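The values are calculated or read from the model by the stated rules, or taken from the named source; none is laboratory data. Just so you know, these numbers come straight off a predicted model, no measurement behind them. Note that each Cβ is placed from the backbone with ideal geometry, even for glycine, and that neighbours are counted across all protein chains shown. Side chains are part of the model used for accessible areas, which takes the heavy atoms of the whole protein and leaves out ligands, DNA and RNA. Shrake-Rupley method; radii C 1.70, N 1.55, O 1.52, S 1.80 Å.
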Amino acid sequence: MAIEIRNVEKTFGAFTALGGVSLDVRSGELLALLGPSGSGKTTLLRIIAGLDHADAGEVSFDGQDTRDRAARDRKVGFVFQHYALFRHMTVFDNVAFGLRVKKKAERPAEMDIRRRVDQLLTMVQLSHLASRYPSQLSGGQRQRVALARALAIEPKVLLLDEPFGALDAKVRKDLRKWLRHLHDDMHITSIFVTHDQEEALELADRVVVMNHGQIIQVGTPAEVYDHPADSFVFDFLGGVNRLNGVIEAGVARLDGKAVRVDGAVGADGPAVIYVRPHQVELGVAPADGVPDGKWSARVSSLHAAGPVARLELDLAGRALEAQLSRDRLSDLALEVGSWCTVDFRHARVFPAKS
Amino acid sequence: MTAAASTTATKPARRGWAFLAPTILPGFGTAFGFTLAYLCLIVLIPLGHMALRAADVGWDRFWAITLAPRVLHAFYVSFGCALAAALINAVFGLVVAWVLVRYRFPGRRIIDAMVDLPFALPTSVAGIALTAIYAPNGWIGALAKAAGFKIAFTPLGIVIALVFVGMPFIVRTVEPVLQDLDAEVEEAAASLGATRWQTFTKVLLPTILPALITGVALAFARGVGEYGSVIFIAGNIPAVSEIVPLLIVARLEQYDYAGATVIATAMMGVSFLMLLGINFLQRWTRSRHAR
Ligand SMILES: Nc1ncnc2c1ncn2[C@@H]1O[C@H](COP(=O)(O)OP(=O)(O)OP(=O)(O)O)[C@@H](O)[C@H]1O
Ligand SMILES: [Mg+2]
């Protein structure tokens, strides 16, 4: 089911939690809502689910306005950040809940309920724990019960609020893959909230970046990563060097040397040059000075565990992080204290905020 | 008072005879000895002594006294009214607690303070106040009279007095549990398609139930033991509105010590059995709850 969100606003007292949000969610896609804490992700999700009401704007499902549809009539599966399981019910009864509260006419026979719940529990790999209570489960298991419970009503839309937020890194990774497979099998329009950019980029078909109650950018993971709309998105998608420079006559300059940048350069004045660590190109420093157009830096520390080496460089008093393969590192024969040349494969420049 | 906490506390005991289980807490011997001595002095010796005195009268007379119609009826009134009042309070006390926890309205603090009044008032004050209103010449009593029935001087009056004294027990035991309820659990139920009523009966009530039963048990126990407020409003008509404690006092006033002791012992026995029953009920609801 497609969801159209038009100019949705929500305020809490004088505070604007959502300031005119518009978004089209395509049928069957897995969409990530990414943004820092307090950016309005949960608020937007709750409005879609009908758990909160927008002050203005509209949300429609397949072109039908949802204003008058209560949460219970929306067929939206909601997985809460803290699971919100019914703790006096067994895992089985939790999952069966949505089926058992259906109107008499629509309610499946108890035998069909059993079959359906067993199916769901098998799918989330919890059939052996059906008779446990939520307090007897691990965090990852509770998470999966919450998911199975939401799926039991055959929702048209699945909303997940930081589904992996409270789990440790290993379990997160496993569940992430598992959720992706699940989505590929079931094709339910799904939106999940996260403030972990890696999770959003890895899992989602499209990523929505939010900040201060606004949508900043919508795009595929590659689009938002390679072409961030602004400095916030660039920053938020992680691992970035910010170097203070200037824009002079339409050219970005760092220490007087011109920097090749992607996209618009902007008006003259102080500016910040953004470079991702893996876009920093290092070279062997020539014996006689520095070739034109390049900078020179000194290695201040070096971490070479794993396939990728991370270097901290000192570029005329600025800290600069660079990433390169271990092979490239041994070609360059760099070590702490040695000099090298620096260039940038891709960089962006944004006016400095005053 | 979460069910989870209390069940984990009782769990190790179930594993077996935990009397001498190794423990890391020091001073078990002293504390246990003190507890035993204290309970003996305050509870066991006085009550045991009373039971022995009752036994003095002999088996046949014991039953003759307790099974006399007037005594039986007093038991029926005492326990019946206490149970009715506790159940009425279970419903309306829950509503009061719900309103106090869920809604913010002007005067909330005043209502909150009013709930505790029955705790603080001497029960005779309650008795006088209630009688003044519910007696046939009081203004609610007059309405009832016009409608053709009496409140004061009937078991109905006793129930009202017991509702009054028992209400804070329910409100105050249920309130913290209601406060702890997670709003998200209700929202989860709603998003799964449950109506408000289904959410209440299938999700909220089971969560509140252990606390509610505790409150009912307390209110019931209090109702059975209540004396001060009841004697005013009950009118104490034998075989109509006479409660057991009053019957005991009446026997004492007639210097019938043996009779008083026998009735008192019977009362103790019944109360004990009922509390035991409630205890089992509580354990049962808790074990169904988060284990
Ligand atoms: N019921 C409420 N009353 C007042 N303010 C609220 C309420 N709910 C949310 N807010 C505010 O609205 C803003 C957005 O909240 P929201 O929960 O949507 O953030 P979020 O993006 O989900 O953050 P997080 O990643 O921390 O969960 C926050 O600043 C929050 O303080
Ligand atoms: Mg949130």
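In the protein assembly as shown, helices alone account for a calculated mean residue ellipticity at 222 nm of -15000 deg cm²/dmol, with every DSSP H run of four or more residues adding -39,500 (n - 2.57).
For the stretch A:239-351, report the translational diffusion coefficient in µm²/s to the nearest whole number, using Stokes-Einstein at 37 °C, 0.692 mPa s, and a Kirkwood Rh over Cα pairs. Value of D from the Cα-based Kirkwood radius: 228 µm²/s.
Largest GNM mean-square fluctuation across A:Pro155, A:Pro221, A:Pro307, computed for chain A with C-alpha springs under 10 Å, falls on A:Pro307. Contact order, relative form, for chain A: 16 percent (alpha carbon pairs under 8 Å, 6 or more residues apart, mean separation divided by residue count). What the Cα convex hull of the protein assembly as shown gives, in volume per residue, is 261 Å³.
Heavy atoms only, probe 1.4 Å: what % of the accessible area of the stretch A:239-351 goes to carbon and sulfur, would you let me know? Within the stretch A:239-351, the accessible surface is 50 percent carbon and sulfur. Principal axis extents of the C-alpha atoms in the stretch A:1-72 (largest first, rounded to whole Å): 33, 27, 21. Farthest toward the positive end of the dipole of chain B, out of B:Leu87, B:Ala188, B:Ala74, is the Cα of B:Ala188, where the dipole comes from beta carbon charges about the Cα centre.
Would you kindly give the portion of the calculated P(r) for the stretch A:20-157 that falls above 17 Å, as a percent of all Cα pairs? Distances greater than 17 Å cover 64 percent of the Cα pairs.
Please state, to two decimals, what the Cα-based radius of gyration of the stretch B:96-166 comes to when divided by 2.2 N^0.38 Å (N = residues).
1.32
Between A:Glu281 and A:Asp343, A:Phe344, A:Arg345, the built amide H atoms are under 5 Å apart, and every one of these is 5 or more places off in sequence or on another chain.
When you restrict to C-alpha pairs under 8 Å that are six or more residues apart and normalise by the size of chain B, the relative contact order lands at 30 percent. The charge dipole of the protein assembly as shown, taken about the Cα centre with unit charges on the Cβ atoms of Lys, Arg (+1) and Asp, Glu (-1), comes to about 2360 debye, rounded to the nearest 20.
Using Cβ point charges alone (K and R +1, D and E -1), the dipole size of the stretch B:225-291 about the Cα centre works out to roughly 700 debye.
Across every direction, the projection of the convex hull enclosing the Cα atoms of chain A has a mean area of 22.2 nm². Computed over chain B with a Gaussian network model linking Cα atoms closer than 10 Å, the most mobile of B:Arg53, B:Arg251, B:Arg102 is B:Arg102. Spin-label model, A:His128/B:Ser287: points 7 Å from Cα along the beta carbon direction are separated by 2.6 nm. Accessible surface buried at the B:A interface totals approximately 2100 Å², computed with a 1.4 Å probe on protein heavy atoms.
Quote the charge dipole size of chain A about the Cα centre in Debye, to the nearest 20; the model charges only the Cβ of Lys and Arg (+1) and of Asp and Glu (-1).
Details: 45 positive and 46 negative charges, 316 e Å.
Taking the Cα centre of chain A as origin, the dipole is about 1520 debye.
For the stretch A:294-336, compute Rh as the Kirkwood radius over C-alpha pairs and then the Stokes-Einstein diffusion coefficient at 4 °C and 1.567 mPa s; write the answer in µm²/s, rounded to an integer.
Details: Rh = 10.5 Å.
The estimated diffusion coefficient comes to 123 µm²/s.
On the basis of the beta-carbon distance and an R0 of 56 Å, A:Glu248 and A:His82 show a calculated FRET efficiency of 0.60.
What helices does chain B have that are whole DSSP H segments, at least 15 Å long along their own axis by Cα, and with mean Kyte-Doolittle hydropathy of 1.6 or more?
Those that pass (Cα extent of 15 Å or more, hydropathy at least 1.6) are B:69-102.
Per residue, the convex hull around the alpha carbon atoms of the stretch A:147-210 comes to 90 Å³. Projecting the Cα atoms of A:Ala252, A:Ala297, A:Gly213 onto the charge dipole of chain A (Cβ charges, centred on the Cα centre) puts A:Gly213 farthest toward the positive pole. Among A:Gly239, A:Val308, A:Val342, whose Cα lies farthest out toward the positive end of the dipole of the stretch A:239-351, if unit charges sit on the beta carbon of Lys, Arg (+1) and Asp, Glu (-1)? Farthest towards the positive pole: A:Gly239.
Proximity of backbone amide H atoms, modeled 1.01 Å from N, is registered between A:Asp52 and A:Ile47 at under 5 Å, excluding neighbours fewer than 5 places apart on the same chain.
A probe of 1.4 angstrom, applied to the heavy atoms of all protein chains, finds B:Tyr257 with accessible area near 120 square angstrom.
If Rh is defined by the Kirkwood formula over all Cα pairs and Rg also comes from Cα, what ratio Rg/Rh do you get for the stretch A:181-242?
Ratio value, two decimals: 0.99.
In the elastic network of chain A, a GNM with C-alpha springs shorter than 10 Å, the most mobile of A:Gly165, A:Gly57, A:Gly317 is A:Gly317. Rounded to the nearest whole Hz, the Karplus-based 3J(HN,Hα) values (6.51 cos²θ - 1.76 cosθ + 1.60, θ = phi - 60°) of the stretch A:80-85 follow the sequence 7, 4, 9, 6, 6, 6, with x at glycine and proline. Kirkwood radius and radius of gyration were both taken over the C-alpha atoms of the stretch A:82-149, and their ratio Rg/Rh is 0.97.
The ratio of the alpha-carbon radius of gyration of the stretch A:204-290 to the globular-protein estimate 2.2 N^0.38 Å is 1.30.
Mean projection of the Cα convex hull over all viewing directions, computed for chain B: 21.0 nm².
The simple Förster model, with R0 at 22 Å and r as the Cβ-Cβ distance, assigns A:Asp255 and A:Ser37 a FRET efficiency of 0.05. Amide H contacts of A:Ser296 (H built 1.01 Å from N, in plane; Pro and chain starts excluded): A:Val342 sit under 5 Å, all sequence-distant by 5 or more or on other chains.
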